[in-house]
Amino acid sequence: MNIHLDRLFLLLFLWGMTAGCQPEATSPRPAQAVPSAGEVTQQPAHSMAYPVKVNDYRGQDVTIQKQPQRIISLMPAHTEILFAIGAGEQMVGCTSLCDYPPATSDLKKIAFANPGSISLEALVELQPDLIILGGDYHRLLAEQLEKIKVPVLSFESQSLADIEKSIRGIAKATGHTDRGKQIIHKINEDIQAIQEQVKPFQEQGRPRVFYQVWDQPLMTAGPESFIGELITLVGGENIFSDVKIAYPQVSEETLVVRNPEVILLPGLKNNQPADAREAIATLKQRPGWKKMKAVKNQRIYIIEDDLISRPGPRVVQGLQQVAQALYPEAFSKP
């Protein structure tokens with residue numbers, strides 16, 4: 001299978017924390033489009049009185065003295081938030097993983113998202129007046145930046161509640177409070193609409209789901225993870241709901257015994273049918289996989305990786321793809 005950089009970033013984060021369908025995989029059936037709360041906006045910032053205080057992931061009240069005009073984002077999800085609220089023109093840099101929206105190509109790329117690969121000199125050279133980082137993953141980097149008097153905000157986006165807090169905080173810090181509120185309202189409204197759409201089809205039972213985060217070693221999304229939350233939100237039953245680790249490593253034998261009815265795989269946006277066929281062919285070669293209901297009933301789906309592993313304003317699009325995979329009949333055209 002192709003290895004997507006966002007999932008590589010996810011594994012780097014996990015390892016850092018612990019140390020401290022068809023005969024081919026298919027994408028869910030197209031359905032009526034849900035307008036995205038993450039669409040790029042060109043709305044100007046509303047007049048705001050500075051300084052403002054923003055409470056970030058560390059529990060700190062960070063004072064922003066004036067509207068930042070030279071922002072660096074070190075997380076793809078935060079970069080998407082900045083553009084969605086209309087702060088893209090206030091940005092000067094982001095990581096090499098930040099590839100959405102296309103306008104990110106105009107920004108200075110700061111190496112990789114791995115904290116160990118980011119040069120303080122490269123950050124300071126851009127003369128930022130605000131750097132937005134991840135939570136625990138960038139904790140040491142945040143401390144280093146604060147020592148040299150570079151303003152930083154830290155947000156952890158591993159749940160829907162985290163996404164809301166990140167949007168609210170980033171919007172307040174950058175002078176786009178109203179747009180942030182609009183995006184949060186739209187996300188909640190669209191989530192409720194998707195839940196209502198699939199609800200009538202849950203009477204026959206909730207499908208038992210396995211989400212593969214990584215293949216070697218075999219890793220899945222537990223109920224405490226952002227991905228696990230999306231599965232539950234649209235009425236799926238996570239077959240590893242008893243595991244308390246966000247992204248646990250599991251055995252092939254246990255997976256076969258738990259026998260999922262639906263298997264979800266992350267895939268690149270531009271995956272071709274040949275890539276899907278290769279992915280499912282590889283799965284079928286694993287011991288016991290042919291015995292599982294998901295394989296027998298051809299219920300293996302590819303979910304666009306950016307939408308489900310990147311907790312940002314496009315979360316509703318990822319949620320809809322999961323919903324379509326679990327309840328395709330709810331999205332069938334008349």
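The values are calculated or read from the model by the stated rules, or taken from the named source; none is laboratory data. Just so it is clear, the structure is predicted and the values come from calculations on it, not from any experiment. For neighbour counting, all protein chains shown are included, and Cβ atoms are generated from backbone atoms with ideal geometry for every residue, glycine included.
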*asked:* Of everything in region 277-324, what is hydrophobic (A, V, I, L, M, F, W, C) and farther than 30 Å from L82 by Cβ? Give them in sequence order.
replied: A279, I280, A281, L283, W289, M292, A294, V295, I300
*Which one of these is modelled with pLDDT of 95 or more and not hydrophobic (A, V, I, L, M, F, W, C): E261, E252?*
E261
*asked:* I need every pair where a residue in region 124-143 that is closer than 21 Å to I81 by Cα has its Cβ under 8 Å from the Cβ of a residue that is at pLDDT 90 or above and of a type in the set (F, W, Y), sequence separation at least 6 or different chains.
replied: I132/F155; L133/F155; G134/F155; G135/Y57; G135/F155
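Among the residues in region 191-206, are any among the acidic types (D, E) and closer than 28 Å to G267 by Cβ?
Looking through region 191-206, at least one residue is among the acidic types (D, E) and closer than 28 Å to G267 by Cβ.
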*Kindly provide the set of residues from region 229-256 that are polar (S, T, N, Q), touching a Gly at 6+ places or on another chain (Cβ under 9 Å) and surrounded by fewer than 19 Cβ atoms within 10 Å (Cβ to Cβ), ordered by number.*
S241
_Restricting to region 60-106, name every residue that is part of a strand (DSSP E or B) and either buried (at least 24 other Cβ atoms within 10 Å of the Cβ) or of a type in the set (F, W, Y) (or both)._
I71, I72, S73, M91, C94
*Given the conditions (1) among the small types (G, A, S); (2) part of a helix (DSSP H, G or I); (3) under 30 Å from I227 (Cβ atoms), which single one is not true for S157?*
(2)
*asked:* Please determine whether any residue of region 308-331 is acidic (D, E) and surrounded by 15 or more Cβ atoms within 10 Å (Cβ to Cβ).
replied: no
_Just the residues that are assigned to a loop (DSSP other than H, G, I, E, B), surrounded by 13 or more Cβ atoms within 10 Å (Cβ to Cβ) and modelled with pLDDT under 90, please, taken from region 107-131._
I110, A111, F112, A113, N114, I118
*asked:* With the requirement that a residue be in a helix (DSSP H, G or I), buried (at least 21 other Cβ atoms within 10 Å of the Cβ) and not β-branched (V, I, T), what does region 187-228 give you?
replied: F226, G228
*Which condition breaks for D242 when tested against (1) part of a helix (DSSP H, G or I); (2) acidic (D, E); (3) farther than 25 Å from E278 by Cα?*
(1)
